[in-house]
Amino acid sequence: MISMMVAAATVEALPEAAAVEQAVEIAGPMGLMAGTFRSGGPGAPVVIIIPGSGPTDRDGNNPLGVNAAPYRMLAEELSAKGVSTLRIDKRGMFGSKAAIADPHQVTIADYAADARAWAAKARSLSGAKCAWVGGHSEGALVALAAAQQPAGLCGIVSISGSGRPIGVVLREQLQANPANAPLLQPAMAAIGILEKGGSVDASKLPPPLLPLFNPSVQSYLRDLMAQDPAKLARALKLPLLIVQGGRDLQVGIGDAQALHAAQPKSELRVIAEANHVLKAVPEGDRAANMASYGDPARPLAPGIAEAIAAFVKPKAQ
C-alpha cells in the first residue's frame, strides 16, 4: 500500500552527543576513501548515504549546478531522530579521489563493494550489529546491488531510485524537456548503441550531448545500462523502504511503484512535496523546482527523515 507522508515535520530536541560529526576513512583500491559519520546517540541504528550519479559529493552537492546539500541536511534531521549516518564520497571523487586513478573506470559492482566496506566501518563506529544502506537516485541502484550479498546489512532505503533500466529513464528525461527537441534523434541513437554494448562516436554528436556521452564515461554508461533495479529488488532478502518525491522531475512515482511491485514486502512512502533533491517545492512550478537544486537554505520536504527513522528504528539490530 502506498502511504502519503505530508504531515509537517516535528521539532525535536537534538542531544549534544547526536550532533557530533567526525571525518572517517577506509581503504580503497589505490588509496583512502573518505566520509562523515554523524552520531544519533548511543544504540542508534546507522544508515549509509550513497550519493547519486556523476560528481556528487557526500553532502549531495555537485559542481554541475547542485548546491542544495540534501544529504547533509538529511543526516542532521536523522541524528535529531536518533539515527546515525555515514555519508560518503564515491571512489575517485572529492575526499576519495586517491582511491582510483580514473573515477570513470568503475562499475556498479565496484560501488556495491565499497558500500559493503562502508557498512563494516559504520558498524564499528556505531556498535550496531548491522548497517542500513540508503542510496539516492543512482545510489539507490548501488544499494540494491550491494544487498545481493546481505551479510552485515540490516536492509535498504531507496530514495528517488529508478525502478527501470537507466536507458529507459534517460530517454524519458530527455524527451520531457522541450528544449531538447533538436537533440533527441542523436541522443536516442546513442542510448541504443550503449544499451547494446557498443561505443558512440562522440565526434558526430551535437556539442550539448558531449558531456552525457563523452568517451571517458561510456564504459561506465554501458555497465549502468545493463543493470535492472526491479530485478535486484525482486531478489532482495532484506527489508526495503522506497521513498519517492511526488514532485520529482527526474524519477517518477511509477519507478517507485515498479520497485514496490517487484518486492511486495517493501514499504513505499510517497512524500508529496518533495522533488529529486528532497526539497519541498510548489506543485506545477518547474522553474521553482529547478531553482531548489541550488538552494541550500530551502529545507528538506517534511516526511522524508520521519519515514526513514520510523522504518529503521523498530528494526534496529
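Give the residue from Leu183, Ser160, Ala143 lying farthest towards the positive end of the charge dipole for the chain; charges sit on Cβ (+1 for Lys and Arg, -1 for Asp and Glu) and the dipole is referred to the Cα centre.
Ala143
Rounded to the nearest 0.05, what FRET efficiency is calculated for Met188 and Gln105 with R0 set to 25 Å and r the Cβ-Cβ distance?
Values: r = 26 Å, r/R0 = 1.05.
My answer for the efficiency is 0.40.
For Asn67 and Asp295, compute 0.36 nm times the residue count separating them, minus their Cα-Cα distance, and round to one decimal in nm. Can you show the working numbers first?
Working: separation 228, 0.36 × 228 = 82.08 nm, distance 0.62 nm.
Going from the current span to full extension adds 81.5 nm.
Which value at 222 nm does the chain reach when only helices count, each DSSP H run of 4 or more adding -39,500 (n - 2.57), with the total divided by all residues and rounded to the nearest 500 deg cm²/dmol?
Numbers: 11 runs with 106 residues, N = 317.
When only DSSP H runs of four or more count, the value is -9500 deg cm²/dmol.
Please give the charge dipole size of the stretch 198-281, origin at the Cα centre, charges +1 on K and R Cβ atoms and -1 on D and E Cβ atoms. Round to the nearest 20 debye. Please list the in-between numbers first.
Working: 9 positive and 7 negative charges, 39 e Å.
So the dipole magnitude of the stretch 198-281 works out to roughly 180 debye.
What distance in nm separates the two pseudo spin-label positions at Glu25 and Arg234, each 7 Å out from Cα along the beta-carbon direction?
Between Glu25 and Arg234, the label points sit 4.3 nm apart.
Return one quarter of the surface area of the convex hull spanned by the alpha-carbon atoms of the stretch 168-220, equal to its mean projected area, in nm².
Averaging across all directions leaves 3.5 nm² for the Cα convex hull.
Gain in length, Ser203 to Ala287, computed as 0.36 nm per residue apart minus the alpha-carbon separation, to one decimal in nm?
Working: separation 84, 0.36 × 84 = 30.24 nm, distance 3.26 nm.
Computed gain between Ser203 and Ala287 is 27.0 nm.
Treat each spin label as a single point 7 Å out from the Cα along the C-beta direction, and report the Gln148 to Ala179 distance in nm.
3.7
With a 10 Å radius around each residue's Cβ, average the other Cβ atoms per peptide and rank 183-190, 113-120, 152-159, highest first. Write out the running numbers ahead of the final one.
Numbers: 183-190: 16.2, 113-120: 20.1, 152-159: 25.4.
Descending mean neighbour count gives 152-159, 113-120, 183-190.
Rg/Rh for the chain to two decimals, with Rh computed the Kirkwood way over all alpha-carbon pairs. Don't skip to the end; give the middle numbers.
Numbers: Rg = 18.6 Å, Rh = 19.6 Å.
Computed over Cα atoms, the ratio is 0.95.
Where a number appears in this text, it was derived from the coordinates with a stated rule and is not lab data. Owing to the predicted nature of the structure, the values given are computational and were not obtained by experimental measurement. Here the Cβ is made from the backbone with ideal geometry for all residues, glycine too, and neighbour counts use every protein chain on show.
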